[in-house]
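**Student:** Below is one structure. I have some questions about it.
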Amino acid sequence: MSSSIRFSHLAGVDEAGRGPLAGPVVAAAVILPPEWELQGLTDSKKLSQKQREILFDRIHAQAVAVSVGQASVTEIDSLNILHATMLAMQRAVAGLQVVPDEVLIDGNRCPDLHCPARAIIGGDLTEPLISAASIIAKVTRDREMAVLDARYPGYGFLQHKGYGTRSHIMALKKMGPCEIHRRSYAPVAAFFSDSE
């Protein structure tokens with residue numbers, strides 16, 4: 001884990017929301033100082049909501065820079081989720097107030113950036129900077145889905161965050177898709193095929 005402080009401005013990048021049937025994909029970029037003190041950094045999926053919320057605030061308090069980028073449902077449907085994710089990551093890095101010397105990306109590929117970048121498979125578990133970005137992206141997206149739950153009641157977005165749970169599929173079949181459903185995803189696309 002010491003590799004995360006070899007560069008004066010090393011950024012970690014991760015995303016949240018590739019799999020859901022609804023809502024945006026959100027990416028975060030985080031630069032931490034060499035002397036950061038954040039206990040419990042790991043892949044956001046391995047943390048409870050309460051743990052994520054606590055770390056979210058602590059990351060913001062200690063970070064040199066934090067930035068979030070999104071790709072909309074329209075962009076996901078038009079570009080596909082991979083390219084939309086790369087776009088969200090580009091936006092997150094571009095929004096950093098400090099230009100990083102290198103960017104560590106969770107996964108097996110990097111978006112086109114104006115700085116060196118390295119993809120690390122499983123990086124959200126092995127690189128604290130990526131773990132921090134994972135937490136920022138997850139909490140940011142969850143909060144947005146809570147807002148969208150109030151705007152589009154009945155689908156249960158607050159509970160499942162747009163993922164294809166049984167209750168979500170049942171609500172989708174009962175109510176039909178809303179504006180934030182991804183039409184390029186099979187369960188939603190199937191609804192349109194069945195209704196035509």
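**Student:** When the dipole is taken about the Cα centre of region 80-196, and only Lys, Arg (+1) and Asp, Glu (-1) are charged at their Cβ, what size is it in debye, to the nearest 20?
**Tutor:** 440
**Student:** Residue by residue through region 92-109, which ³J(HN,Hα) values in whole Hz follow from phi under the Karplus form 6.51 cos²θ - 1.76 cosθ + 1.60 (θ = phi - 60°), with glycine and proline marked x?
**Tutor:** Here the 3J(HN,Hα) series is 5, 5, 5, x, 5, 7, 10, 6, x, 6, 8, 10, 9, 10, 6, x, 10, 8 Hz.
**Student:** Next question. Would you calculate the separation in nanometres between label points at Ile121 and Asp57, each defined as 7 Å from the Cα along the Cα-to-beta-carbon direction?
**Tutor:** With each label point 7 Å from Cα toward Cβ, the separation is 3.8 nm.
**Student:** When the distances between all Cα atoms of the chain are binned every 10 Å from zero, what whole-number percent does each bin get?
**Tutor:** Taking all Cα pairs of the chain, the binned fractions are 10, 36, 32, 16, 5, 1 percent.
**Student:** While we're here: Any idea what the relative contact order of the chain is, in percent, if you count C-alpha pairs under 8 Å spaced at least 6 apart?
**Tutor:** Working: 386 pairs, mean separation 58.1, N = 196.
So the answer I get is 30 percent.
**Student:** Now, a different point. Quick one: dipole size for the chain, taken about the Cα centre, charges +1 on Lys/Arg Cβ and -1 on Asp/Glu Cβ, in debye to the nearest 20.
**Tutor:** With Lys and Arg at +1 and Asp and Glu at -1, about 560 debye.
**Student:** Still on this structure, I have one more. Which one of Val93, Val103, Ile54 is farthest out on the positive end of the charge dipole of the chain, using unit charges on Cβ (Lys, Arg +1; Asp, Glu -1) and the Cα centre as origin?
**Tutor:** Towards the positive end, the residue furthest out is Ile54.
**Student:** If you don't mind, another one. For region 43-92, just the Cα set please: Rg and Dmax, both in angstrom.
**Tutor:** Final numbers for Rg and Dmax: 13.9, 37 Å.
**Student:** Through the Karplus equation 6.51 cos²θ - 1.76 cosθ + 1.60, θ set to phi - 60°, convert the phi angles of region 142-151 into ³J(HN,Hα) values in whole Hz; use x for Gly and Pro.
**Tutor:** Those phi angles translate into 4, 5, 5, 5, 5, 5, 5, 4, 6, 7 Hz.
**Student:** Ok, one more. If you take the charge dipole of region 75-196 about its Cα centre, with +1 on Lys and Arg Cβ and -1 on Asp and Glu Cβ, which of Ser167, Leu129, Ser78 is farthest toward its positive end?
**Tutor:** Of the candidates, Ser167 comes out farthest on the positive side.
**Student:** Per residue of region 31-40, in order, report the coupling 6.51 cos²θ - 1.76 cosθ + 1.60 (Karplus, θ = phi - 60°) as ³J(HN,Hα) in whole Hz, putting x for Gly and Pro.
**Tutor:** 10, 9, x, x, 9, 4, 9, 9, 6, x
**Student:** Please get the size of the charge dipole for region 1-84, origin at its Cα centre, with Cβ charges of +1 on Lys and Arg and -1 on Asp and Glu, quoted in debye to the nearest 20. If you can, show how the numbers build up before the last one.
**Tutor:** On the way: 7 positive and 9 negative charges, 42 e Å.
Dipole about the Cα centre, nearest 20: 200 debye.
**Student:** Once the Cβ-Cβ distance between Val99 and Met170 is put in as r, and R0 is 45 Å, what FRET efficiency do you end up with, to the nearest 0.05?
**Tutor:** On the way: r = 47 Å, r/R0 = 1.05.
The formula returns an efficiency of 0.45 here.
**Student:** More than 13 Å apart: what percent of Cα pairs in region 64-119 qualify?
**Tutor:** Beyond 13 Å sits 59 percent of the P(r) for region 64-119.
**Student:** Helix 49-62 sits at what angle to the longest principal axis of the chain, using alpha carbons and giving 0 to 90 degrees rounded to 10?
**Tutor:** 40
**Student:** Out of region 2-79, which trypsin sites (Lys or Arg not before Pro) are coil in DSSP terms and have no more than 10 other C-beta atoms within 10 Å?
**Tutor:** On the way: sites: Arg6, Arg18, Lys45, Lys46, Lys50, Arg52, Arg58; in loops: Arg6, Arg18.
Here the trypsin sites (Lys or Arg not before Pro) that fit, given the DSSP loop and packing criteria, are Arg6.
**Student:** Which entries in Lys50/Lys161; Lys138/Lys173; Lys45/Lys174 show an alpha-carbon gap greater than 19 Å?
**Tutor:** Lys138/Lys173; Lys45/Lys174
**Student:** While we're here: Restricting the count to DSSP beta bridges whose residues both fall in region 2-195, what percent are antiparallel, rounded to a multiple of 5?
**Tutor:** 65
**Student:** On a 0 to 90° scale, report how tilted helix 186-195 is relative to the longest principal axis of the chain, with both axes built from alpha carbons and the result rounded to the nearest 10.
**Tutor:** 20
Each reported figure results from applying straightforward, stated rules to the coordinates on display, with no laboratory input. Only a predicted model underlies this, so the values are computations on that prediction, with no experimental measurement involved. Glycine also receives a Cβ, built like all others from the backbone with ideal geometry; neighbour counts cover every protein chain displayed.
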